[in-house]
Amino acid sequence: MDKKRFRQHAHDLVDWMADYLEGIEDLPVRSQVQPGDIEKQLPANPPEKAEAFDAIFDDFKSIVMPGITHWQHPKFFAYFPGNSSPPSVLAEMLMATLGTNAMLWQTSPAATEMEIRVIDWLRQACGLDDGFSGSIQTTASEATLSALLMAREKVSDYQINEKGFHDQPIMRLYVSAEAHSSIEKDARIAGYGADNVVKIEVDDDFAMDIQALKSRIAEDEAKGYIPACVIATLGATGTGGVDPLAEIGALCKEKDIFLHVDAAWAGSALILREWQWMAKGSELADSMVFNPHKWLLTNFDCSIHFVRDKDALIRTFSILPEYLKGATATAVTDFRDWGVPLGRRFRALKLWFVLRCYGIEGLQEILRRHIDLGQMAHDALASDLDFEITSPLKLSLFSFRHAPEGIEDLDVHNERLIRALNDSGDAYFTQTRVHGKYVIRWQVGQVDCQAHHITETLNLIKSTAARIST
């Protein structure tokens, strides 16, 4: 494709993108295809000859689009949001055009220095102390893996990196019973082993029980195990639970245990002063992560990993072969040493666009609207005797189930309800279990969600529940 045709097709694609965003509400929220529907439309063998771009784009519209679940739909209430925004999309286009690999300062100084600056902007906006510095990772899973590797090397005096796990004591990792499943996966990758992930009971508010944590640590110490790391959760995936960070931090400081904070979703809400209480105690944390690609309008992937001891992080990851050396290496930041990957995208650019286009005040306004809409949905179902709130509203997240009299198996009934809702294409929810009950999560966070979307969805839930109950 020559540059003239590139220009023409790029204009066509941008027009399509704008039309898509304007008309997204006319599409089913969740893809309605069946397994294999897309694959069977794709040739088994690669193309031998070049094809016209128009033909490729036509196939994109006819084959790919039916298999897309529309995360930017205002009735996307599943998982957590995977937010985007026009400024972020435009920045992503520039990133793709530049094709930058931001692994070293010298491979694009602007990428490194902008990353340093926008991370500090977010630190200030979230009310975090200036002892934190950080980098942009792909996901919270990757940032948490980095934290677990830092904790592992701290405990072993950096011997595991050099010699492996030979003759090392058993290391234990403590998390809330509500913690995200990615932590166990990270523990496996980092060599702790799934059996050494200790899940701590939660209280009635779904927060980690600090007394239970103290007891489990004492039991492990008596067995000769090493308490290596505690992960506190701010905004648990299932229930929105917020762990008592200040108390956990004080215990970790007393015991010299590495403390990582997983605020992947709720961390964005720290830009709201009224929610900064969640991070009280963060000054005692060694590491912290949250995802602007969830709730700060910056499209996937963009995860902020704050660390307190950057030298320990660099010591954990740094390897310097001859081909990566540079004359300026001692005077600059090389983010290749701040995490697992060597290659890194210029993610700071889209965050810079978003922060400047909306400002902190504009982002605060959107998050407060989502929290109000979550309250609206929560209150409407709480006031209906046929529904049960199974976990209280936290920010814009709560869970519920349909529990009218006369239904013998409420788990099966609510599984039928969520399947009918999602199959309708008019809304998209995900499920979880709370105290063993099968329940439906409702999380408001898509950028363009408004009050009428909540009202329409409430009507859909009630009419669908009534239909499947007969």
Subject >> Residues (more than 29 Å from the chain's Cα centre (by Cα) and crowded, with 16+ Cβ neighbours inside 10 Å) located in segment 397-406 >> reply: ALA403
Subject >> Sole exception among (1) out of contact with any His (no Cβ under 7 Å at 6 or more places or on another chain); (2) modelled with pLDDT of 95 or more; (3) aliphatic (A, V, I, L, M) for LEU417, by number >> reply: (1)
Original post:
Quick one: would you say ASP54 is charged (D, E, K, R), surrounded by 13 or more Cβ atoms within 10 Å (Cβ to Cβ), over 24 Å from SER84 (Cβ atoms) and not assigned by TED's automatic domain parsing to the domain that holds GLN446?
Top reply: no
Subject >> Count - residues of segment 339-353 that are in a loop (DSSP other than H, G, I, E, B) and not β-branched (Val, Ile, Thr) >> reply: 8
**OP:** Restricting attention to segment 69-108, report how many residues are in contact with a Ser or Thr (Cβ under 9 Å, 6 or more places away or on another chain) and more than 30 Å from THR237 (Cα to Cα).
**Re:** 9
Original post:
Does segment 117-141 hold any residues that are modelled with pLDDT of 95 or more and assigned to a helix (DSSP H, G or I), and which are they?
Top reply: ARG117, VAL118, ILE119, ASP120, TRP121, LEU122, ARG123, GLN124, ALA125
Subject >> In segment 407-454, the residues that are under 18 Å from ALA380 (Cα atoms), without any contact (Cβ under 8 Å) to a residue 60 or more places away in the chain and exposed (fewer than 15 other Cβ atoms within 10 Å of the Cβ) >> reply: HIS452
Original post:
Within the bounds of segment 366-375, is there any residue that is on the phi < 0 side of the Ramachandran plot, hydrophobic (A, V, I, L, M, F, W, C) and either surrounded by fewer than 16 Cβ atoms within 10 Å (Cβ to Cβ) or at pLDDT below 95 (or both)?
Top reply: no
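Does segment 320-329 include one or more residues that are of a type in the set (Val, Ile, Thr), over 19 Å from MET103 (Cα atoms) and out of contact with any His (no Cβ under 7 Å at 6 or more places or on another chain)? Step through it out loud before you land on a result.
Taking segment 320-329 first, the residues of a type in the set (Val, Ile, Thr) are 328.
Retained after the next criterion (residues that are over 19 Å from MET103 (Cα atoms)): none.
No, segment 320-329 has no match at all.
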Subject >> Residue under evaluation ASN459, criteria (1) under 21 Å from the mean Cα position of the chain (by Cα); (2) free of Cβ contacts under 8 Å to residues at least 40 places away in the same chain, criterion not met >> reply: (1)
Original post:
Do we find a residue being assigned to a helix (DSSP H, G or I), closer than 26 Å to ALA279 by Cα and assigned by TED's automatic domain parsing to the domain that holds ILE248 anywhere in segment 157-177?
Top reply: no
**OP:** Inspect all residues belonging to segment 234-243 and state whether any of them is over 29 Å from LEU393 (Cβ atoms), assigned by TED's automatic domain parsing to the domain that holds GLN168 and in contact (Cβ under 8 Å) with a residue 24 or more places away in the chain.
**Re:** no
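Across segment 198-209, what is the total count of residues that are in contact (Cβ under 8 Å) with a residue 12 or more places away in the chain and either closer than 30 Å to GLY445 by Cα or in a loop (DSSP other than H, G, I, E, B) (or both)?
Filtering segment 198-209 for residues in contact (Cβ under 8 Å) with a residue 12 or more places away in the chain gives 198-202, 205-208.
Then drop every residue that is not either closer than 30 Å to GLY445 by Cα or in a loop (DSSP other than H, G, I, E, B) (or both), which leaves 199-202, 205-208.
Number of matching residues: 8.
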Subject >> Residues satisfying the stated conditions in segment 182-213, i.e. out of contact with any strand residue (DSSP E or B) (no Cβ under 8 Å at 6 or more places or on another chain) and basic (Lys, Arg) >> reply: LYS185, ARG188
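The values are calculated or read from the model by the stated rules, or taken from the named source; none is laboratory data. Owing to the predicted nature of the structure, the values given are computational and were not obtained by experimental measurement. So basically every Cβ, Gly included, is an ideal-geometry build from the backbone, and we count neighbours across all protein chains shown.
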